[in-house]
Structure formats: structure tokens, C-alpha cells
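> Okay, handing you the structure first.
The values are calculated or read from the model by the stated rules, or taken from the named source; none is laboratory data. Keep in mind the model is a prediction, meaning the values are calculated, not measured. Cβ: placed from backbone, ideal geometry, glycine included. Neighbour counts: every protein chain shown.
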Amino acid sequence: MTDQEKKIIADDDWKQQAQKEKEKLVKEDVKKAPSPEAPEETTASAQPAQPTLPPADISALVNMLAVQAMYYLGALPDPSGKKAEVNLDLAKYHVDLLSVMDEKTKGNLSEEENTMLSMALHEIRMLYVQKAS
């Protein structure tokens, strides 16, 4: 090997050192974390708790579309405090989405799911007819 050639030195010690540092950080995080017996005051200063999401099922999907349709029909107040505006085109779109869901899921829903979808669709259609006339 000549002087001009560079030597490549493989240093495996850095891997072990990085692992030790990682373990040390994990131990410090565990020490800093509040214990389950700790009063709520210490956890309240931490980040606010995330709301628990409902299960992702057909009822959540029906509720989401039904609420949007009701919003566009003016049945729900505007969250910003403004007067609820009626938008029949968007309301009809959401009613149509629920209709497609009803059509495409025939025979695949439980009796409870089918009843919920049918009732939501019926109520929103009646509200749509009322607002459209």
C-alpha cells in the first residue's frame, strides 16, 4: 500500500456507544415521566390529552355524512357563530352519498346498521324536501 492510498478504518465502537446513549435517554425519559400515582396537576402541565376517536365503522361514516348534510341544510349552527346558511347543492350531494352507501351495502349490513342508515337517510331526505320547497 502506498502513502497516497487512504486507509479505511472501520470503527464498530460507535455503534455500541450510540446504543448506550439511546438506552440512557430512554431511562431518563422513564424517570421524567409522571408515575401513575402522581397527582393530576403534574400531568395537566403536560400536553393536553388527545380526544378518543370513535371506532371506524359504518355508523361513524353514516353519522359523518348525515351531520354534513344537516349542516348544509341549515339544521346545525355554524361553528363560527355566523348564521347557518343553506346550500342545497352540497346537501343533495351528501344525501346522494348516503343513498349510494345504502344501495351498495344492501345485504351486507347488520339489522342495526341497516336501520340506522335507513332512518338517517329518511330524516335527511324529509329535511331536504322541507328546505327545498
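> Given the criterion of a type in the set (A, V, I, L, M) and within 20 Å of the chain's Cα centre (by Cα), identify the matching residue among A49, A132.
A49
> Identify the residue in the stretch 84-133 that is part of a helix (DSSP H, G or I) and among the hydroxyl-bearing types (S, T, Y) and, among all such residues, is surrounded by the most Cβ atoms within 10 Å (Cβ to Cβ).
Step one: filter the stretch 84-133 for residues part of a helix (DSSP H, G or I), giving 88-104, 111-132.
Add one more test, that the residue is among the hydroxyl-bearing types (S, T, Y), and what stays is 93, 99, 115, 118, 128.
Numbers: Y93: 14, S99: 14, T115: 11, S118: 14, Y128: 19.
Ranking the qualifying residues of the stretch 84-133, first place goes to Y128.
> Would you be able to say whether some residue in the stretch 70-89 is touching a residue at least 12 places away in the same chain (Cβ under 8 Å) and hydroxyl-bearing (S, T, Y)?
Within the stretch 70-89, one or more residues are touching a residue at least 12 places away in the same chain (Cβ under 8 Å) and hydroxyl-bearing (S, T, Y).
Here is a yes/no grid of residues against (1) exposed (fewer than 10 other Cβ atoms within 10 Å of the Cβ); (2) more than 30 Å from I124 (Cβ to Cβ); (3) modelled with pLDDT of 90 or more:
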residue: I8; (1), (2), (3): yes, yes, no
residue: D13; (1), (2), (3): yes, yes, no
residue: Q17; (1), (2), (3): no, yes, no
residue: V30; (1), (2), (3): yes, yes, no
residue: T42; (1), (2), (3): no, yes, no
residue: L53; (1), (2), (3): yes, no, no
